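*Asks:* Quick one: the structure is below, questions incoming.
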Amino acid sequence: MTEDKTAIRNAATVIVLRDRDTNPRILMGQRGAKAAFMPNKVVFPGGAVDAGDADIALATPISEFCATRLRQDSAQDLTHSLCVAAIRELWEETGLILGQKNVWSAPPAPDWESFAATGHIPTAQALQFVFRAITPPGRPRRFDARFFLLDADEIATDLDDFSAACEELSHLQWIPLSEVRAFDLPFITEVVLAEIEARVTDRNPPTSVPFFKNNDEASLFMQLHGRAQDR
């Protein structure tokens, strides 16, 4: 059976923020010119949830505070899978590890063999759920993307070593927040950046998470754990 490329897939995106108290910088890379989704755009690392993500054990879960918002307006509880996907995509696309030193209790799935070989197991405690957006209808790919903010101090490996990254993102770099809008960004990325800029020095997860809910009937800007906003 042919895969429906227009079906909405759950996805996780990671916003890694570095030197937030002195010279805030954010980790981004450029998608390829031939990419079906957002070609050439400068984006955060992230991607779709895989079926196997549900089976990967986490050393620590995301906070229940964030999990409550992740479960809101969702047909099923994808909290675990989304966190695993965020950590996996961060590793695959940047070579950076969000994890703690330990030995896996069982042989890792193929997608996790290289991660496990570093001597780490994934941990989600430092992830903060800060934004959600569904790709509008009519695009070649559609995602229900959850955006996670991560303080770079929580990364277990060298922040400037991208040698283990795959080739999905090029020109990986730490971009100063003050300069990031000079790059070719997707619209939704600019919206998310505005949220991040407003909370650079706030290390607490947001009490209310913005949600761009684009479906075939309407386009709404909502707040998870809040009320729909007037447009």
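The values are calculated or read from the model by the stated rules, or taken from the named source; none is laboratory data. Since we're looking at a predicted model, the values are computed, not measured. Please note: Cβ atoms are built from the backbone with ideal geometry, for glycine as well, and neighbour counts cover all protein chains shown. Areas reflect the complete protein model, heavy atoms only, side chains present, ligands, DNA and RNA absent. Shrake-Rupley method; radii C 1.70, N 1.55, O 1.52, S 1.80 Å.
*Asks:* Need the C-alpha centroid separation for the range 166-195 versus the range 75-113, integer Å.
*Replies:* Here the two parts' Cα centres lie 23 Å apart.
*Asks:* Return the long-range amide H neighbours of F131 (sequence gap of 5 or more, or a different chain), with a cut-off of under 5 Å between placed amide H atoms.
*Replies:* Close amide H contacts, sequence-distant or interchain: F147.
*Asks:* Using the crude model of +1 on Lys and Arg Cβ and -1 on Asp and Glu Cβ, and no other charge, please compute the dipole size for the chain relative to its Cα centre, in debye to 20.
*Replies:* Value, rounded to 20: 620 debye.
*Asks:* Over the chain, what is the mean sequence separation of C-alpha contacts under 8 Å (at least six apart), divided by residue count, expressed as relative contact order in percent?
*Replies:* 28 percent
*Asks:* By accessible area of protein heavy atoms, probe 1.4 Å, what ranking do S105, S114 get, highest first?
*Replies:* Solvent-accessible surface, decreasing: S105, S114.
*Asks:* Share of the range 53-160's accessible area from carbon and sulfur, percent, 1.4 Å?
*Replies:* 51 percent
*Asks:* Here's another thing I want to ask about it. Just read off the accessible area of L78 with the full protein assembly in place, 1.4 Å probe, to the nearest 10 Å².
*Replies:* 30 Å²
*Asks:* Along the Cα→Cβ direction, 7 angstrom out, place labels at E197 and S163. What is the inter-label distance in nm?
*Replies:* Inter-label distance under the simple model: 3.6 nm.
*Asks:* D for the range 54-136, whole µm²/s, Stokes-Einstein with Kirkwood Rh over alpha-carbon pairs at 20 °C and 1.002 mPa s: what number?
*Replies:* For the chosen part, D equals 158 µm²/s.
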